[in-house]
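Chemist: One structure follows; several queries about it will come next.
The values are calculated or read from the model by the stated rules, or taken from the named source; none is laboratory data. Treat the numbers as computed from the prediction; the structure is a model and nothing was measured. Please note: Cβ atoms are built from the backbone with ideal geometry, for glycine as well, and neighbour counts cover all protein chains shown. With ligands, DNA and RNA removed, areas are computed over all heavy atoms of the protein, side chains included. Shrake-Rupley method; radii C 1.70, N 1.55, O 1.52, S 1.80 Å.
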Amino acid sequence: MIPLAIPDLSGNESRYLQECIDSTFISSVGPFVTRFEAAVASACGASRAVATASGTSGLHAALTALGVGRGELVITPSFTFIATANAIAHCGADPWLFDMEPGSWTLDPVQVEESLEWEAEERPEGVFHQKTGRRVAAILPVYTLGTPAAMDRLARLARRYRLPLLADAAAALGATFLGDPVGKLGADLTVFSFNGNKTVTCGGGGAVAGQDAETVDLVRHLTTTARRGADYTHDRVGFNYRMTALQAAVGCAQLERLEHLVGAKRRIRARYDAAFADHPRLSLFPQPPDRESACWLSGVVVYDADSEAMAALRQQLLQEEIDVRPFWKPVHLQQPFAHAPQAALPVTDGVWGHVLTLPCSAALTQEDQERVILAVQRALERGAGAA
Ligand SMILES: *Cc1c(COP(=O)(O)O)cnc(C)c1O
């Protein structure tokens, strides 16, 4: 089977892991975590970063640090991995779900601007969603597939309404927007995931990066049980969300090869794009000209295939030992978030069921990729994927 996306651990991963074990500093204290945090901050252009147990826990701690609380709303796209919405729900808040730009698959700043203008009300205590009377507590764009959102416009909106701006950059380490790395795009905090299926992985893990020392230190405080000093004094309800040194050791080795890993992902995407660009039934993943995606996953969109045809296409490729998968089912269609306020979602509804992700491990050989390309073309010729 040609797998969808497996980690490339061929650098110093095992050496650092062994070093970490030999040192006995395997919990969240120790040189590897500190080193990993410095490497993440430097890789994304932030002044500092806090390593966390996962991307989800990083999002939860970051939302909490930015003041999101019970009963409030957080503006976020419906087209995201469920973890974004879960982190909001862990705060006792709800997502206010928005559509995405067709050209980037990221949060549509125009729709957000219009909704804030017409459906929200500014009061001295903040911005309130008129229909529900709930406070709007933050804007949380997602860097879909490693592509940054329209952060210039979103940062302007955040300033205009005095809302915190938090970026879910889970799979976007290495991406740029107008040449700037993802830690420098105007978000108060930027969250990464180092889950096993991401380009850079620690097995599991996350990080929260930012420019403002006080905000990042608050995240650190929250992730370490909100403990003050050496005695057991805790000044609020905190979390146990720190990354272990075992994970950080693997992450340090991965980050040494960040450029290589992201470069490999981009070459894979470019080869698929070149192979399928002229196919009458296939559309490519969006590539906005002002942003350089980290190209986390590769794939195609089959707009004329219904759900049965998509399943048949997947089945045929799986039979040929090629691991292909559907992509995120949007949050507004998920049972736990069915009640969440939502804007019109025509782009999201039109895209999500037609996405087919294709094998794109950083170490995928050109030969294997050729086999995938031919198999996709053949499957479509044979009628799989026809509605
Ligand atoms: C992977 C991912 C997450 C979750 O990260 P975990 O480390 O698995 O908790 C959150 N948001 C997006 C967009 C992701 O792709």
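Chemist: Tally the DSSP beta bridges in the range 149-270 and give the antiparallel ones as a percent, rounded to 5.
Modeler: 75
Chemist: Let me ask something else about it. For Thr76, what is the net charge nearby, where nearby means another residue's Cβ is under 12 Å from its Cβ and Lys, Arg count +1, Asp, Glu -1?
Modeler: -4
Chemist: Name the lysines eligible as straight-distance cross-link partners of Lys198: C-alpha to C-alpha under 26 Å, and not fewer than 8 places from it in the same chain.
Modeler: Within the straight-line cut-off, Lys198 pairs with Lys184, Lys265, Lys329.
Chemist: What whole-number value in Å² describes the accessible area per residue of the range 286-358 for a 1.4 Å probe?
Modeler: That works out to 43 Å² per residue.
Chemist: Continuing with this model, one more query. Taking 20 °C and 1.002 mPa s as the conditions, I'd like the Stokes-Einstein D for the chain in µm²/s, using the Kirkwood hydrodynamic radius from alpha carbon pairs.
Modeler: Here the translational diffusion coefficient equals 100 µm²/s.
Chemist: Right, another one. I want the local charge near Gly353. Using Cβ-Cβ distances under 10 Å, sum +1 for each Lys or Arg and -1 for each Asp or Glu among the other residues.
Modeler: -1
Chemist: Now for a separate question. Taking every pair of Cα atoms in the range 160-259, average 1/r, invert it to obtain the Kirkwood radius, and report Rg/Rh to two decimals.
Modeler: 1.01
Chemist: Still on this structure: Skipping prolines and chain starts, which residues have an amide H placed within reach, meaning under 5 Å, of the one on Leu73, given they are 5 or more residues away or on another chain?
Modeler: So Leu73 has HN proximity to Asp94, Arg135, Val136, Ala137.
Chemist: Order of 334-342, 302-310 by packing, highest average Cβ count within 10 Å first?
Modeler: 302-310, 334-342
Chemist: Need one number: % antiparallel among DSSP beta bridges in the range 18-162, to the nearest 5.
Modeler: 50
Chemist: Using 0.36 nm times the number of residues separating Asp152 and Ser47, minus their current alpha carbon distance, what extension gain do you get?
Modeler: 35.8 nm
Chemist: Given R₀ = 45 Å, FRET efficiency for Gln335-Asp22 by Cβ-Cβ distance, to 0.05?
Modeler: Given R0 = 45 Å and the Cβ-Cβ separation, E is 0.45.
Chemist: Just to confirm, what accessible area per residue do you get for the range 1-126 at 1.4 Å probe, in whole Å²?
Modeler: 40
Chemist: Determine the share of the range 244-387's accessible area contributed by carbon and sulfur atoms, expressed in whole percent, with a 1.4 angstrom probe.
Modeler: 52
Chemist: Let me know the volume per residue of the alpha-carbon convex hull for the range 54-169, in Å³.
Modeler: 90
Chemist: Could you compute the FRET efficiency for Glu321 and Gln287, with r as their C-beta to C-beta distance and R0 at 41 Å, rounded to 0.05?
Modeler: The computed FRET efficiency comes out at 0.90.
Chemist: Per-residue ellipticity at 222 nm for the chain, helices alone: DSSP H runs ≥ 4 residues times -39500 (n - 2.57), over residue total, nearest 500 deg cm²/dmol?
Modeler: Values: 12 runs with 143 residues, N = 387.
Using -39500 (n - 2.57) per qualifying helix, the result is -11500 deg cm²/dmol.
Chemist: With θ set to phi - 60°, apply the Karplus curve 6.51 cos²θ - 1.76 cosθ + 1.60 along the range 141-157 and write out the HN-Hα couplings as whole Hz, x wherever there is a Gly or Pro.
Modeler: With the stated coefficients, the range 141-157 comes to x, 10, 8, 3, 6, x, 9, x, 6, 6, 6, 4, 5, 5, 5, 4, 4 Hz.
Chemist: If you don't mind, another one. Full-extension gain between Ser14 and Glu259, please, as 0.36 nm times their residue separation minus the C-alpha to C-alpha distance.
Modeler: Length difference between fully extended and current span is 86.2 nm.
Chemist: Moving to a separate point now. Residue by residue, what Karplus-based ³J(HN,Hα) values in Hz, rounded to whole numbers, does the range 200-217 have, using 6.51, -1.76 and 1.60 with θ = phi - 60° and x for Gly and Pro?
Modeler: Residue by residue, the range 200-217 yields 10, 10, 10, x, x, x, x, 7, 10, 10, x, 9, 8, 4, 5, 5, 5, 5 Hz.
Chemist: Okay, moving on. Mind checking which of Tyr232, Val250, Val216 is farthest towards the positive end of the range 203-268's charge dipole, using Cβ charges of +1 (Lys, Arg) and -1 (Asp, Glu) about the Cα centre?
Modeler: Highest projection toward the positive end goes to Val250.
Chemist: Amide H neighbours of Gly186 under 5 Å, counting only residues 5+ apart in sequence or on other chains, H built in-plane at 1.01 Å?
Modeler: none
Chemist: Under a Cβ-Cβ cut-off of 14 Å, what is the net charge of the residues other than Asp94 that fall near it, where Lys and Arg count +1 and Asp and Glu count -1?
Modeler: Around Asp94, the surrounding residues sum to +3.
Chemist: If you average the alpha carbon positions of the range 71-100 and of the range 196-260, how far apart do those two centres end up, in angstrom?
Modeler: A separation of 22 Å, based on Cα centres.
Chemist: Sequence-distant or interchain residues sharing an amide H contact under 5 Å with Met100, placed H: which?
Modeler: Answer set, sorted by chain and number: Asp108, Val347, Thr348.
Chemist: Still on this model: So what are the ³J(HN,Hα) numbers for the range 34-41, from phi and the Karplus equation (6.51, -1.76, 1.60; θ = phi - 60°), rounded to whole Hz, Gly and Pro as x?
Modeler: After applying 6.51 cos²θ - 1.76 cosθ + 1.60, I find 4, 5, 5, 4, 5, 5, 5, 4 Hz.
Chemist: Of the DSSP beta bridges with both residues in the chain, give the percent that are antiparallel, rounding to the nearest 5.
Modeler: Restricted to the chain, the bridges split so that about 65 percent are antiparallel.
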